[in-house]
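The values are calculated or read from the model by the stated rules, or taken from the named source; none is laboratory data. Just so it is clear, the model here is predicted, and its values are computed rather than measured. Here the Cβ positions follow ideal geometry from the backbone for every residue, glycine too, while neighbour counts run over all protein chains shown. We work out accessible area using only protein heavy atoms, side chains counted, and drop any ligands, DNA or RNA first. Shrake-Rupley method; radii C 1.70, N 1.55, O 1.52, S 1.80 Å.
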Amino acid sequence: MALVLALLLGVLTGAQPPFSEFSILVVTLVGGGVAALSARAVRRRSQTWIFIALITLGYALAILSQAMILRTDPGGALVAILWAAGNATASAILAMGFMPVFEWMTGITTDQTLLEWADPNRPLLKRLSMEAGGTYAHTISVANLAEAAATAIGANGLLTRVGIYYHDVGKMLKPQYFVENQPGGRNPHDKLKPHTSAAIVREHVIEGERMAREAGVPAVVARFIPEHHGTQLIGFFYEKAREESDQEPDSDQFRYPGPKPRSKETAIAMLADSVESATRALQDPSPERVRELIRTIVEGKMRDGQLSESPLTLRDIAGIQEQFAKVVGGMFHHRLDYPATKHITDAPREERQGAGGRIGEVEGEGEPGRGAAPGATQGAGTGGGEHSGELALDVEGPETDEDGNGPS
């Protein structure tokens with residue numbers, strides 16, 4: 001768009017009587033074209049001088065080429081280059097200064113703005129790291145996973161990363177109700193009815209949208225908050241409600257409000273959120289088991305229709321799964337034992353868990369506050385344990401909930 005506009009303005013300028021010379025048309029077209037294309041090379045406002053240098057270089061090459069062809073006075077060419085440099089400086093500074101206005105008028109969020117919202121010292125992110133540390137750690141892991149997948153299929157990796165930074169900000173209002181923020185063995189959902197627990201879990205999406213709106217988060221980033229959950233069923237509490245009642249519970253009360261992912265980036269966020277959560281509790285994470293886990297989760301989303309409104313193709317999905325497998329494989333790389341801590345790292349699993357109970361209580365395996373379901377491949381709580389312990393994942397392929405977890 002910028003290139004077409006620059007070329008159009010160059011032609012219109014060269015058509016006016018004061019500037020109706022071929023040399024002026026060439027210089028204008030080259031300078032405008034370089035300015036438009038250099039936007040891809042600059043992602044920070046602090047790099048404005050790179051813009052200026054590239055535009056000046058384009059002008060200089062055009063002016064010197066014409067001076068050599070027409071054999072004009074070198075002094076005149078030097079003066080023209082200086083004027084061109086001044087024009088490039090003024091234009092770049094004006095463009096950067098008015099960038100927020102242009103973004104507001106067009107509704108386009110630039111990479112420069114996205115990088116500013118990725119600053120961990122932003123109030124929302126700072127609060128999240130201080131008030132819900134487990135959720136913040138989960139967010140960073142999901143962002144790394146999703147950005148790699150987005151970049152691999154040609155989606156916007158930066159937007160994906162920044163969107164995921166804010167996807168769970170609503171959890172900071174009641175962090176203790178999400179398993180990644182719970183101390184071992186203490187789960188407040190044990191004392192609540194399933195409907196109440198499901199309402200609390202749903203609330204983090206609604207409150208997250210409100211907090212993002214109040215903080216002025218760009219709309220393209222705020223969309224990750226509702227869309228990364230889509231309209232998935234909060235499976236654990238729904239099944240618990242069925243067990244405790246003679247009547248079939250209303251499934252709408254146990255579903256996220258939606259909408260479903262409508263872009264490649266939010267669809268990747270949904271998949272990465274589930275994969276990161278499930279792989280945390282995967283026992284014996286061999287490459288084959290990791291790939292099987294990822295495949296099961298992705299197929300579960302597709303069966304549930306959660307990707308039906310996203311523009312992802314089957315080729316995209318295959319590329320995403322491949323990238324997930326690479327990144328997750330790196331997370332489980334072998335580390336050498338340090339002599340000073342070898343007596344701890346070599347200790348039996350039960351001895352390392354202390355008073356917090358079994359590991360499943362912390363990681364969301366099995367029921368809330370309990371171990372994993374017998375005979376199941378270890379899964380993880382939905383969205384990094386945000387549902388306080390969904391039933392464990394069965395990689396043989398039962399119906400799965402929003403994070404690939406379902407009855408084992």
Exercise for the section: Work out how much length ASP73 to ARG210 would gain on full extension: take 0.36 nm times their residue separation and subtract the Cα-Cα distance, in nm to one decimal. Expected result: 42.9 nm
Exercise for the section: Determine the distance separating the Cα centre of region 64-80 from the Cα centre of region 185-205; give it in Å without decimals. Expected result: 75
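Could the peptides 86-99, 23-36 be put in order, highest first, of the mean number of other beta-carbon atoms found within 10 Å of their residues? Display every interim value, and only then the final one.
Values: 86-99: 14.7, 23-36: 19.8.
Packing proxy ranking, top to bottom: 23-36, 86-99.
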Handout entry: Solvent-accessible surface (1.4 angstrom probe) belonging to LEU8, in square angstrom, nearest 10
Key = 90
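Work out, step by step, the length gained on full extension between LEU5 and ALA340: first 0.36 nm times the residue separation, then minus their alpha carbon distance; give nm to one decimal. Spell out each step's value before the answer.
Working: separation 335, 0.36 × 335 = 120.60 nm, distance 6.43 nm.
In short, 114.2 nm is gained.
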Problem - Accessible area, probe 1.4 Å, largest first, for residues ASP250, ASP284 - result: ASP284, ASP250
Practice task
Evaluate E = 1/(1 + (r/R0)^6) for ASP252 and LEU25, where r is the Cβ-Cβ distance and R0 equals 51 Å; express this FRET efficiency to the nearest 0.05.
Solution key: 0.20
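ALA53 to MET99: extension gain in nm, 0.36 nm per residue of separation minus the Cα-Cα distance? Before the final figure, lay out each step's value.
Numbers: separation 46, 0.36 × 46 = 16.56 nm, distance 1.92 nm.
Contour length minus Cα-Cα distance gives 14.6 nm.
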Practice task
State, as an integer percentage, the relative contact order of region 73-176 based on alpha-carbon contacts under 8 Å between residues 6 or more apart.
Solution key: 25
Practice task
Could you work out how far apart the two model spin labels at ALA137 and LEU314 are, taking each label as a point 7 Å from the Cα in the direction of the beta carbon, and quote it in nm?
Solution key: 4.0
Practice task
Under a cut-off of 29 Å between alpha-carbon atoms, report the lysines in cross-link reach of LYS264, not counting same-chain residues fewer than 8 places apart.
Solution key: LYS126, LYS171, LYS301, LYS326
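I'd like to compare 123-130, 134-141, 324-331: which one has the highest average count of other Cβ atoms within 10 Å, and what's the full order after that?
Descending mean neighbour count gives 134-141, 324-331, 123-130.
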Practice task
Calculate, for THR13 and ASP111, the FRET efficiency according to 1/(1 + (r/R0)^6) with r their C-beta to C-beta distance and R0 25 Å; round to the nearest 0.05.
Solution key: 0.30
